[in-house]
Amino acid sequence: MKIAIIGTGNVGGALATNWSQKGHEILLGVQDVSDFKGKALLQNANTMAFSVPEAVAKSEVVVIATPPTVIFDILENLGNVAGKIIIDATNSVGKNPEPYATVYHALTDRTKAEVVKCFNTTGFENMLNPDYDGIAIDMFMAGDSDKANAVARQLALDAGFGDCIDFGKSDKVALLEKFALSWINLAIMQGMGRNMAFKILRR
């Protein structure tokens with residue numbers, strides 16, 4: 001797939017690195033192609049940098065991995081995304097994008113894209129390497145678009161996750177963000193460390 005990644009920090013960088021290794025074409029959407037955070041990502045295979053509008057126009061899938069409050073600036077630069085898949089990998093942990101509860105809700109309200117919330121429930125270390133001694137941890141997603149959900153699940157599997165669990169429709173997006181807080185609480189606030197993750201077990 002051709003994947004535009006807007007936000008080249010820890011999360012966006014981890015996903016870009018992992019997917020590039022799986023043969024996906026990575027288009028980094030940045031403000032200044034000559035100088036941006038995560039410029040070392042250009043050393044990865046299948047990876048190029050473009051302006052945000054160019055990256056989005058050339059892509060099939062758009063991943064947003066930025067602080068949530070910058071979504072309004074991003075929306076002004078997305079261009080026509082009707083029918084494109086947008087994956088919201090943000091978390092409104094400290095501040096939500098008023099008047100919306102989450103970036104997902106801003107995207108579904110202001111675009112005609114197929115939107116899914118995914119890749120927000122664990123640390124970037126786990127997105128770069130979801131393997132725990134031979135056990136692949138799980139990813140989670142939520143949203144109303146079956147098309148976007150299917151793409152998110154495939155990209156999660158491509159990244160090495162064991163499964164991408166459907167958390168529910170758009171009414172569960174905010175709950176999925178709270179689920180991310182559970183990881184933050186255990187890993188950071190309770191001192192378990194960032195090398196911990198969630199796995200669904202059944203019997």
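A few notes on this one:
- Qualifying residues in region 13-38 (those that are assigned to a loop (DSSP other than H, G, I, E, B) and free of Cβ contacts under 8 Å to residues at least 24 places away in the same chain) - the one surrounded by the most Cβ atoms within 10 Å (Cβ to Cβ): Val33
- Any chance Gly83 is among the small types (Gly, Ala, Ser) and touching a helix residue (DSSP H, G or I) at 6+ places or on another chain (Cβ under 6 Å): no
- For region 22-37, a residue qualifies if it is of a type outside the set (Asp, Glu) and touching a Ser or Thr at 6+ places or on another chain (Cβ under 9 Å), and the qualifying residues are Ile26, Leu27, Leu28, Gly29, Val30, Gln31, Val33, Phe36, Lys37.
- Taking each residue of region 172-193 that is outside any loop (DSSP other than H, G, I, E, B) and of a type outside the set (Gly, Ala, Ser) and looking for partners that are modelled with pLDDT of 95 or more and surrounded by fewer than 17 Cβ atoms within 10 Å (Cβ to Cβ) with beta-carbon atoms closer than 6 Å, six or more apart or interchain, yields Leu186/Met192.
- The single residue among Phe198, Phe161 that is assigned to a loop (DSSP other than H, G, I, E, B), of a type in the set (Phe, Trp, Tyr) and within 16 Å of the chain's Cα centre (by Cα) turns out to be Phe161.
- Region 109-139 - residue that is closer than 23 Å to Gly9 by Cβ and among the hydroxyl-bearing types (Ser, Thr, Tyr) and, of those, surrounded by the most Cβ atoms within 10 Å (Cβ to Cβ): Thr121
The values are calculated or read from the model by the stated rules, or taken from the named source; none is laboratory data. Source: prediction; values computed, not measured. Glycine also receives a Cβ, built like all others from the backbone with ideal geometry; neighbour counts cover every protein chain displayed.
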